[in-house]
Amino acid sequence: MDAPGIEWYFSRMIPVFSLYGETSAFPDVVHCERVLDRARLHDWVITPHRHPQMSQILRIEGGEAQARADGEAMRLRAGDYLYIPAQVVHGFVFSQGAEGAVLSFPSPVTAGMMPDMAPWLGAVRRGRVGARAGTLMDDLQAVHAGAGTFRAQQLVGLTQVLLASLAEESDAAAPPAGHALTRLESLIAANLGRGWTARDYAAAMNVTTSHLNRIIRAAKGHSLTAHLEAATMAEACRLIAFTRMPVAQIGYRLGFG
């Protein structure tokens, strides 16, 4: 899908919304809507934005979308899903008439899944919608559209089962090194600016520094130290682009005395 004239303005201040284009309070326990309900109102372009206290799943059922999440560009086709954690800057360009659903979950709904689910819930995830996950998404939308005494409890329960199912499927498909990478990225996100060295990260994962270095080199083509430096620079770029913090303050926040 080509989108001439569409640019991703990641160098300007990114708007913060509850739902896209809205700054009012979150409207429900969880929120479900069809892609066309909102995308067609904006000429099928959802410009870069973020949600401070809400994660989302985009499910593509027909057509396709060009997506960008936290600087990474990807193409989504029918049968794909994209999970976007809170605070991640993201935007979409949908093909005309694209079909799909956007499921939105405020942080209190996912808080009960911590800390075990923290590594999965804290990163952008992309995959294919399996049979079980597809059924859960359909059930979630059906309950959302209905009414009943225990509607809120059903929405929370279905959301947590859906997210756990997606995490289980992605873990089953990931090679052993993939699990280590997921754990490392979670530790990096939690400890940037604390002055952690390669040895500290290896110790937190109960492996040797040389073993973790071999995993990173095999997966990324560079050393563990280079990977940590790149993560720090990427965070610095995000803070420069998305905040009004002075460069000196950003440097201090990331551990540069």
*Sequence-separation-based contact order of segment 130-252, relative, with Cα cut under 8 Å and 6+ spacing, percent*: 15 percent
_Calculated on alpha-carbon atoms, Rg and Dmax of segment 92-184 in Å_ = 14.9, 45
*Report the charge-dipole magnitude of segment 130-257 in Debye, nearest 20, computed about the Cα centre from +1 at each Lys and Arg Cβ and -1 at each Asp and Glu Cβ.*
460 debye
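Place a +1 charge on the Cβ of each Lys and Arg in the chain and a -1 charge on the Cβ of each Asp and Glu, then give the dipole magnitude about the Cα centre in debye, rounded to the nearest 20.
Details: 23 positive and 23 negative charges, 140 e Å.
Computed about the Cα centre, the dipole is about 680 debye.
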*Normalised by the number of residues in the chain, what is the relative contact order in percent for Cα pairs under 8 Å and 6+ residues apart?*
17 percent
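Considering all alpha-carbon pairs of the chain, what whole percent are spaced by more than 35 angstrom?
Values: 6213 of 32896 pairs.
The calculated P(r) of the chain puts 19 percent of pairs beyond 35 Å.
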*Using +1 at the Cβ of each Lys and Arg and -1 at the Cβ of each Asp and Glu in the chain, identify which of Ile60, Cys237, Ala147 lies farthest towards the dipole's positive end.*
Cys237
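So, by mean Cβ neighbours within 10 angstrom, what's the order for 190-202, 119-131 with the highest one leading?
Values: 190-202: 14.8, 119-131: 16.9.
Packing proxy ranking, top to bottom: 119-131, 190-202.
Work out, step by step, the length gained on full extension between Ala78 and Arg199: first 0.36 nm times the residue separation, then minus their alpha carbon distance; give nm to one decimal.
Details: separation 121, 0.36 × 121 = 43.56 nm, distance 4.28 nm.
Result: 39.3 nm gained on full extension.
Give the average over all directions of the projected area of the C-alpha convex hull of segment 31-169, one decimal, in nm².
That works out to 7.9 nm².
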_Inter-part distance where segment 28-84 and segment 205-238 are each reduced to a Cα centre, Å_ = 30 Å
*So, by mean Cβ neighbours within 10 angstrom, what's the order for 107-113, 179-185 with the highest one leading?*
179-185, 107-113
*Dipole magnitude of segment 31-169, debye to nearest 20 (Cβ charges: Lys/Arg +1, Asp/Glu -1, about Cα centre)*: 140 debye
_I want to check the label-to-label distance for Val247 and Ala219. Put each point 7 Å from Cα in the C-beta direction and report it in nm to one decimal._
3.2 nm
*Count charges around Arg238 for me, please; just the other residues with Cβ under 11 Å from its Cβ, Lys/Arg as +1, Asp/Glu as -1.*
-1
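Bear in mind that the values in this text are calculations on the coordinates, not laboratory data. Bear in mind the structure is a predicted one, so any value in this text is a computation, not a measurement. Cβ sites come from the backbone with ideal geometry, for glycine too, and all protein chains shown count toward neighbours.
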